[in-house]
Each structure stands twice: as C-alpha cells, then as structure tokens.
Amino acid sequence: MKKLKYLIFAFILLNLNGLNLIWINPDAKFEIKPTRLYADDLSELKISGYGTISTSFDDREFIKPARDVGQSSNQIYRKDFVTLMDSRFGLQAHYRANQDLDFVVQGVLRDQAYVTFKNSWELGYFAFRPSSWLELRGGRIGYDAFLMSDTRNLGYAYSWVRPPIEFYGWIPIFHIDGADATFRLGGEDSQWRVRLQAGEQSFMVPINNTDFDSSTRGLHAMTISRQSGNITIKAGYSKFSFKNEFSLFSNFHSGEGYRGLEQIMADTTLSSEIIEEARYLRNNLTFKDIDITYLTLGASYDDGDWIAQAEIAQSTSSAEVFSHGKMAYAALGYRIGDFTPYLMFAAIRAGNDVRQPLADWSALEESWLQSESVGIINTTRMHQETLSLGVRWDFHLQAALKFQLDNTHYNSKGYGLVFCTPEISINDNRMTLGTISMEVMF
C-alpha cells in the first residue's frame, strides 16, 4: 500500500496545471529541452520525470534475480512474472536561480528492502559555479563511481534493460549526503572532468530475512573522465566503511546463551588451531568498521550507428563476509532505424576462495558455530556470468520498448547477487531471464 500511495502522489504532482514535462539530468552529457514551462515569471523552474514499466520471467523456481542487493527479498521461491525488479518512477525539479546557482530535487520510487520517504529522496542539492571550470555541490548528491552513475535509474538513457548486474548490482549506493567539487578543463577537441566527493550514505540490505541498516561513514571518491568526439573514458576510486554491526554477527561474536567466537578465542585450554580459526571467523564475520575500496575504469563509444561500452573494476574488503572481487562487462549494439539490437557479456569473480572448516570443533558444544560462520562467509561470495541479447525500439521521441534475454551461470557458492535457497547455492546452476520494459520520459 505504501508504494501505491507514492505512485498516486507522484501522478497527482505530474498532472498539476496540465504540465508538459521533459526529463533533464544536470549531470548527464545530454539534455532535452522542455516544450512548455510553468509560467513566464518562473521560466527557470523545470519539472521533469521518467518511468520504467517492466516485467520479467525466469525459469528457476528457487532463484530470484535482483537488480541490486538492496532490493526486497519478498516472494523469493516462485517461478512467475516479476514486475518490481526493474520498474521505477522518477520526478525531478530543477531551479536555476542565476547562471551560477542551481537547485535540484529528485525522488525515485523503486523496489528496495524497505521503502521510506527518506530513501526515495534521491537528490537534493545546490550547485554553485564560482568560475567556468569549477562547480561546487552540497546536499544529497549522486554517487559518482561508475560510467553510468548519472543515468543508472534512467532506463531511457541506455539501450539495454538494466545496467549489468555483475557490475552494478553488488553495491546499492545511488547517492551520498555530503559535498563534491568538479573541475572541468579542455579545449575544442576534448573535455576533462575531475570530481572529488565526500560524505556518507545509508541503505538497507536484506540478510537472513532481516533488513540490515548499512550506514556508511568516511565515504570519499574521485573520478577522472575525458570526452572527445564519440569516445568517453572514465576512471574512479572510492572508499568507505560501515558504521553498524549486523545483529546476527554480534550474537556470534559475544554469544547469546552460548560461548561466542570471542570467548572461544580467549579459552587457552583449546588447541591453537581452534583459537586461530575462531579469531579468523571473528575478524571476517563483521560489517562494522570494515573498509571497502573500489577501483573502476570504463569507456563508451557512440557514432550514431554503432554503440559500444565496457567497464572493469576491482573491489576489496577488509572482511571476507562482504562481497568483493573483480567485475567487468562489454556491450555492443547497432542502430537500424528505430531499432537497436545489442549483445552484452558480464562477469564477476569472487575476491575470496570458498572457505572450508579448518580445525576439528567436534568436541565443543559450539561446533555448530564453526559451520554456520563458514557458511555465511561463503553465502556472500559472488561468482557468475551473464550473456544477454536484446533489442530496443524507439517508437516515440520520448518512449522506447526493450526486450532482453539473459542466460546466467551461477557458480557453486557464488550466489551473492541473487536470493536463493541454501540447497541451491552449493551447486552450479543456470537461469534464463526474459524481460520486457517500457521506458518513458516526460
């Protein structure tokens, strides 16, 4: 019901005063001008929006695909049509006070583990340009770590149904509360952009039927991009840590009616092998204060006929339980009139090996703690690849229809990007996912 109320509220806003609305993204490299504004005295205020209506069908009963790991885990075990995976609705207000000062507010309704007004408020910042080469922003700003950061939610802006899950699905950070500085340099042939960001973010991730508040701190990022003719290149660095601890991990650390990992570590009567393994599990079965580092490199090409795009990245974590590894994708498409057929391949490789119990805990009453801890660490591993075929049909200036067929191979104990039963995750599996999406801008 909450999601329905959001949609009704957004629909009412869009229909006030009979507005004709066009999407404008201040950060994107393209801009579509509005055909009609509020009134002459508010000519600098622009309202725009976008929407995706999508449905998907998969052929596996005990695997539920997700666009990102922050989505809801409801109704996991079913083989049926899924409508919330890619469907979303966005509304934005952009006010230019003068040539040096802008204000932007944007809300996005999409599937999340826990939908609130706060986490549906995607952007809310001011942008000040003290010179032609410098822009300063403060407030809730977009997280600029990927090649598609500016258009991650805006399905109309790219040819495929969704950003590749193997590359974009592991980290559901869409914005940060903080500030950034953007430096623009260049001449007639090329444009360089350097952006520095700092702030924090909070998002929910469903773990074991519990929504974990993944609040970050110390988030900072730097990206360098270059655009020249038909080619755009972008490199990025990002780092952050978590403020909170997951309740289940806290219980395993200190014990609730049993000896936890910390007590086993301190028991000098146990063998050194048990103590060392308990220490390893304690240090790696944690979210609080772990450091996440992310390096990216991407490039895109678009000459009006051919489109090509690729990115590679590596994420590292100071605790094995947080999913990390190497990820990459490559996409190629060709425009034939209003149709754009395309091919894409994406893969992710876990940064940690499958964990096996090392010491013999059979004599301990807490022997289950070893197997449970090892199992959780393995559950978060990400090891999969997807081959996608699709076509986009631009049947209208502000609307497009897309069809995409994905074939994904999940490697044993590498299911960190999907929801599935424990029995499924111990074996290799394949899943075919078909999606039809309608993209609109207004």
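A few points about this structure:
- Pairs of Cα atoms nearer than 8 Å and 6+ residues apart set the relative contact order; for the range 2-441 it is 14 percent.
- Going from the residue with the fewest nearby Cβ atoms within 10 Å to the one with the most, Lys288, Lys46 rank Lys288, Lys46.
- Using a cut-off of 22 Å between Cα atoms, the listed pairs Lys64/Lys413; Lys239/Lys288; Lys64/Lys243; Lys326/Lys402; Lys239/Lys326; Lys234/Lys288 include Lys64/Lys243; Lys326/Lys402; Lys234/Lys288 as exceeding that distance.
- Burial order of peptide ranges 256-264, 94-102 (average beta-carbon count within 10 Å, highest first): 256-264, 94-102
- Computing volume of the Cα convex hull per residue in Å³ directly from the structure and comparing it against (1) 167; (2) 145; (3) 197 singles out (2).
- Sorting Ile275, Ile165 by the number of Cβ atoms found within 10 Å of their own Cβ, with the fewest placed first, yields Ile275, Ile165.
- Comparing Tyr301, Tyr50, Tyr410 in a Gaussian network model of the chain, where Cα atoms under 10 Å apart are tied by springs, the biggest mean-square fluctuation is seen for Tyr301.
- Each of Phe117, Phe287, Phe345 has some number of other Cβ atoms within 10 Å of its Cβ, and from fewest to most they run Phe117, Phe345, Phe287.
- Here the Karplus relation 6.51 cos²θ - 1.76 cosθ + 1.60, evaluated at θ = phi - 60°, turns the backbone of the range 431-437 into coupling constants of 9, 9, 10, x, 9, 10, 10 Hz, with x for every Gly and Pro.
- Cα centroids of the range 213-244 and the range 364-405: 22 Å apart.
- Helix-only arithmetic for the chain: the sum of -39500 (n - 2.57) across DSSP H runs with n ≥ 4, divided by the residue total, places the mean residue ellipticity at 222 nm at -4000 deg cm²/dmol.
Taken together, the values in this text are just the output of simple stated rules run on the coordinates, not laboratory data. Worth saying up front: this structure is predicted, and the values here are computed from it rather than measured. Positions of Cβ are generated from backbone atoms using ideal geometry, with glycine treated the same way; all protein chains shown enter the neighbour counts.
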